[in-house]
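**Student:** Next up is a structure, given as structure tokens.
The values are calculated or read from the model by the stated rules, or taken from the named source; none is laboratory data. On a predicted model such as this, the values are computed, not experimentally measured, just so you know. Note that we place each Cβ from the backbone using ideal geometry, even for glycine, and neighbour counts take in every protein chain shown. Side chains are part of the model used for accessible areas, which takes the heavy atoms of the whole protein and leaves out ligands, DNA and RNA. Shrake-Rupley method; radii C 1.70, N 1.55, O 1.52, S 1.80 Å.
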Amino acid sequence: MFKAMTLASPRGFPTMSAFPRSLSSIAVSVGGLALFLIFASCLLLSYPIGSTVRGYFYGDDSAKMALWDNETINDTRLVDNVDLVNKNLPANPSSKVPINSSGQLIDSGTNGLVNEPANVPLSSSNMTQEEEISSYVSSNITDNVEIASPLSMDLKNNSDVTDTGSNPISPASSSLPEDVGTGLVDSGCDLYHGSWFYDSSGPSYTNNTCPVLTQMQNCQGNGRPDKEYENWRWKPSQCDLPKFDAKKFLELMRGKTLAFIGDSVARNQMESMLCLLWQVEVPTNRGNRKMQRWHFKSTSVMIVRIWSSWLVHQTTEPLDFAPEGVVKLHLDVPDNVFMEYIPKFDVVVLSSGHWFAKQSVYVLKNEIVGGQLWWPDKSRPKKINNIEAFGISVETSLAALVTHPNYTGLTIVRSFSPDHYEGGAWNTGGSCTGKVRPASAGEVVENGFTNIMHEKQVAGFDRAIKKATNKSKLRLMDITEAFGYRHDGHPGPYRSPDPNKITQRGPDGKPPPQDCLHWCMPGPVDTWNEFVLEIIRREFTGKESFPS
């Protein structure tokens, strides 16, 4: 030991002179190590080392979120399952890594939909996944609203349309009011009237080339035997809708941020966008407590998602005769969870509607005016129902955007996404099992709830446009009618990798648990992002689509 110290002594100094200096160095080192250990111990008490290290290497603040299966979410406004995506992503986008999320988008176990950021452990659900889906039958639609029964019927003016192999399948005419035209892309070509055609070239990605694909949307990975649903593409009647071009999107959005804001269907669309872009560049995860954020370095494009289930302010505090714990929706106040970030966004895609089948209390000007699946005093009349509440919420959230003094971006409102429960609702035996291709005109099952929710959404959109005061743009991406034909595009029973899952009807005719609301990936949902790209291209370049 002493010899080593001698060799380490500076040349020209007595050998023993290094000894005191070494003792000093050792003392300093030991003291520094002690301080480091004390600091590290405190840090470990605050955050698990695994998630902390992961957050460091992948730029993700969500390590601090404590969103593991056995821990509790304490922020009721939190993004649903922010920690759902595996951050340990491969550098090669073609690597076969279909992520099996530990969260599984499980319901809180109380109010009927999954993804609710409630004060419960993610693993404590005693509900099954089908309870994610709202019931859209008349039992969930409040009084004084006439809703058509969801009976199978031919769509008008389409009796001569046939579906033979790869022939186009044409939707019926739109019911969009004429006075909403100012909100549509002014291009001379309506993107939302056309037909579905079979494209043998297949999708832009597969379930094995997109590491962020949520398990319940991974229909092929979950054992779905057919793949034809992946190949159908949308063709507007008067122009072309190009296949999604990831490089073109990133170039058009250079230096800009696109935010998906809304419910779990918004998450579905955001993941589709990431899967499409992942094929040309692997992004960096910069997500934090309040939002998911993916950064594409080559063009400085940011893709963001913020959870906002109703798009308006919600609270569980007691109000008048509504007790604590029941969600109160202030229909005339936008949700500040996303509004505080709005000036930072260049493009916003909004999604909402399905949560209005959930239990909630409706509040206007701090007065309780209605409720859904909650109304303790039957003698007290409700002033509004859940459908009217949805229309008000659309106007409130959109008006807040078009009047925001610091927002100049493009807002794309994705219209109400149709579900395809036939023969019942999600919890009463409804099914989309066995649908392997788009519906032909005579096969489309009319959904009264979808129709009236779309009507209320369009009306709220129209009212918001008339309130515009800033330089932002508001566009309606009206997918509802065209996607009414895509009953084949839902996970159905293939929403779980469970090898023992039930996929066929039982002896009693009861269907297996179904997800007939969200969309398989790849699948029809990718078309939504083709629409988004085309809207952005038109707005940013001023060019119309090429005629067909």
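**Student:** Quick one: check the C-alpha center-to-center distance for the stretch 213-227 versus the stretch 321-380, whole angstrom.
**Tutor:** Cα centres, the stretch 213-227 to the stretch 321-380: 33 Å.
**Student:** Another question, if that's okay. I'd like the FRET efficiency for Asp332 and Ser200, computed as 1/(1 + (r/R0)^6) with the beta carbon distance as r and R0 of 51 Å, rounded to 0.05. Provide the component values of the computation, followed by the final result.
**Tutor:** Numbers: r = 51 Å, r/R0 = 0.99.
Working from the Cβ atoms, E equals 0.50.
**Student:** Mean shadow of the stretch 406-548, computed from the convex hull of its alpha carbons, in nm²?
**Tutor:** 12.0
**Student:** Considering only protein heavy atoms, what per residue accessible area in square angstrom results for the stretch 185-271 with a 1.4 angstrom probe?
**Tutor:** Numbers: 2870 Å² over 87 residues.
Using a 1.4 Å probe on heavy atoms only, each residue of the stretch 185-271 averages 33 Å².
**Student:** Please list, in chain and number order, the residues 5+ apart from Arg414 or on another chain whose amide H is under 5 Å from its amide H, with Hs placed from the backbone.
**Tutor:** Amide H neighbours of Arg414, under 5 Å, 5+ apart: Leu350, Met477.
**Student:** At 1.4 Å probe size, with every protein chain present, just tell me what the per residue accessible area of the stretch 472-534 comes to in Å². Numbers along the way, then the final one.
**Tutor:** Numbers: 1810 Å² over 63 residues.
Dividing the accessible area of the stretch 472-534 by its residue count gives 29 Å².
**Student:** What full-extension length gain, to one decimal in nm, is calculated for Thr408 and Asp508 as 0.36 nm per residue of separation minus the Cα-Cα distance?
**Tutor:** 30.3 nm
**Student:** So, with a 1.4 angstrom probe, what is the percent of accessible area on the stretch 242-322 that is carbon and sulfur? Intermediate results must be reported in sequence, preceding the final value.
**Tutor:** Working: 1230 of 2610 Å².
C and S atoms contribute 47 percent here.
**Student:** Quick one: Karplus J couplings for the stretch 391-396, per residue in order, coefficients 6.51, -1.76, 1.60, θ = phi - 60°, nearest Hz, x for Gly and Pro?
**Tutor:** Karplus values, whole Hz, x for Gly and Pro: x, 5, 5, 4, 4, 4.
**Student:** I need to check one value: relative contact order of the stretch 423-496, counting alpha carbon pairs closer than 8 Å and at least 6 residues apart, in percent.
**Tutor:** Relative contact order here is 55 percent.
**Student:** Which of the residue pairs Lys243/Lys501; Lys290/Lys358; Lys235/Lys456; Lys378/Lys456; Lys358/Lys383; Lys243/Lys466 have a Cα-Cα distance greater than 29 Å in the structure shown?
**Tutor:** Details: Lys243/Lys501 35 Å; Lys290/Lys358 23 Å; Lys235/Lys456 27 Å; Lys378/Lys456 26 Å; Lys358/Lys383 18 Å; Lys243/Lys466 34 Å.
Table pairs above 29 Å Cα-Cα are Lys243/Lys501; Lys243/Lys466.
**Student:** Let me ask something else about it. Full extension from Gln238 to Asn470: what is 0.36 nm times the residue separation minus their Cα-Cα distance, to one decimal in nm? Don't skip to the answer; put the middle values down first.
**Tutor:** Working: separation 232, 0.36 × 232 = 83.52 nm, distance 3.21 nm.
Between Gln238 and Asn470, full extension yields 80.3 nm more.
**Student:** Hey, another quick one. Can you list the residues, at least 5 places off or on another chain, whose amide H is less than 5 Å from the amide H of Gly353, using H built in the peptide plane?
**Tutor:** none
**Student:** Same structure again: Between Arg254 and Glu446, how many nm apart are label points set 7 Å from Cα along the C-beta direction?
**Tutor:** The two pseudo-label positions are separated by 5.1 nm.
**Student:** Can you list residues from other chains, or at least 5 along the same chain, whose modelled amide H is less than 5 Å from the amide H of Phe260?
**Tutor:** Amide H neighbours of Phe260: Val304, Arg305, Ile306, Val349.
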